[in-house]
Amino acid sequence: MAPRKSTKVAAAPEAGTPEAAPEPKTVKPRTRKVAAPAEPAAPKAARKSKAAAAPAPEPAAVEPEPAVPPAPAPAADPLTAPARAVLQAIQDGVAVELLFIDAEANPPRTFEPRQLIFDALARQWFVWGWDRRYNAERHHRLDLIAQVGPVEGMGRAAQGPYKEGTAANLIGGWLGGEPIRVKAVLLKQWIFAVRQAPAPFPEFAIEEMEEGKAQVTFVATDLRAIARWAMQFGDGIQVVEPQRLQDRIKQVGMAWAGKAAAAPSPAPDRSASDRPRRDHGHKEHRSEHRSERESRDREPREREAAPEPRRRPEPPRHIPEPPKPTVKAGKIEIRIDRL
């Protein structure tokens, strides 16, 4: 164990005794601190390794920034080159020239586009309008068309009279030639459908009438196109004017009814007696003899082929016996000859 430290208490000097002189303080000599020689600087590679070994201070917590959704990629243009050219022609009101891929089957033609249609079932673009080659309404598939070019002016098949400033794609069966003013009455099941569809003819107007009916008026120049448009509604339309449109629809209806009710006619009897006589010289006589011979040969064949009808057995009949012939007694002659 370590020795205990002893503490001595200095006793106070008694009275009358001289004070003891204080002991002189011992002064410790000062020693200078000499700095130790600095170590040589370590190379840079060692410094880097030490820095890498030292743990990096933890970064302060930073709130995450809200995620920004990426900008959507630009959608591909669904319009093909022919569809874009047709749409521009419809907007400008001009006719176009259609050049088909198969030029031998479909020669070039001037076309007045009215509508550009994308069909969801066929997944194809279609153009509808007036085909001046056939002078009728037509649909054309744009995937079969190689090039669509504009036509300068009204085109080679423009027919007048027509109003000044009329678009070139309205001259064909809509505004070229003699105008036909049409008035008809639509029934309720077709009014909404016609209102939602694009106008099929120029100056097309629909006005409400009494409940469940609406009056339709428009102007066109092709009677066939007007009749086709009217007949698509069946009994849901009543044509008021013109009279020739009524007659046209009646003719088509009678033709439909006649074709449906027509029964197969019996084969004509080509016998020699019913044939009209023709003056063909000896050929006529040969045909007559041949037909007579064939008819004669046919009769016994038909008799043999035809089955004999069944006959009921007749009840036995009592046949009277014929009377027996009476035998007369013969005469006996006796002759006596003389001896």
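I need the peptides 220-230, 241-251 ranked by packing, meaning the mean over residues of other C-beta atoms within 10 angstrom, with the highest value on top.
Highest to lowest by the protection proxy: 220-230, 241-251.
Report, by chain and number, residues whose modeled amide H sits under 5 Å from the one on Q124, excluding near sequence neighbours (fewer than 5 apart, same chain).
Residues meeting the amide H criterion: D119.
Say the cut-off is 29 Å between C-alpha atoms; which of K163/K188; K213/K250; K188/K250 go over it?
K163/K188
Read phi for every residue in region 230-243 and hand back ³J(HN,Hα) as whole Hz from Karplus 6.51 cos²θ - 1.76 cosθ + 1.60, θ = phi - 60°, with x for Gly and Pro.
Ordered by residue, 3J(HN,Hα) equals 5, 6, 5, 8, x, 8, x, 9, 10, 7, 8, 7, x, 5 Hz.
Give the accessible area for E294 in Å² (nearest 10); use a 1.4 Å probe, count only protein heavy atoms, and leave out ligands, DNA and RNA.
Rounded to the nearest 10, that gives 90 Å².
In Å and from the alpha-carbon atoms only, list the Rg and Dmax of region 171-248.
For region 171-248, the Cα-based Rg and Dmax read 11.9, 36 Å.
Using a 10 Å cut-off on Cβ atoms, rank the peptides 174-183, 108-117, 208-217, 144-153 from the highest mean neighbour count down.
Top of the packing list down: 108-117, 174-183, 144-153, 208-217.
Which residues' amide hydrogens lie under 5 Å from the amide hydrogen of Q115, considering only partners 5 or more residues apart or on another chain, with H built in the peptide plane?
Counting only residues 5 or more places away or on other chains, the set is W128.
Among F233, F118, F192, what's the order by accessible area (1.4 angstrom probe), most exposed first?
Ranked list, largest accessible area first: F192, F118, F233.
The values are calculated or read from the model by the stated rules, or taken from the named source; none is laboratory data. Everything quoted here is computed from the prediction, not taken from an experiment. Because the Cβ atoms are built from the backbone with ideal geometry, glycine has one as well, and the counts that use them run over all protein chains shown. With ligands, DNA and RNA removed, areas are computed over all heavy atoms of the protein, side chains included. Shrake-Rupley method; radii C 1.70, N 1.55, O 1.52, S 1.80 Å.
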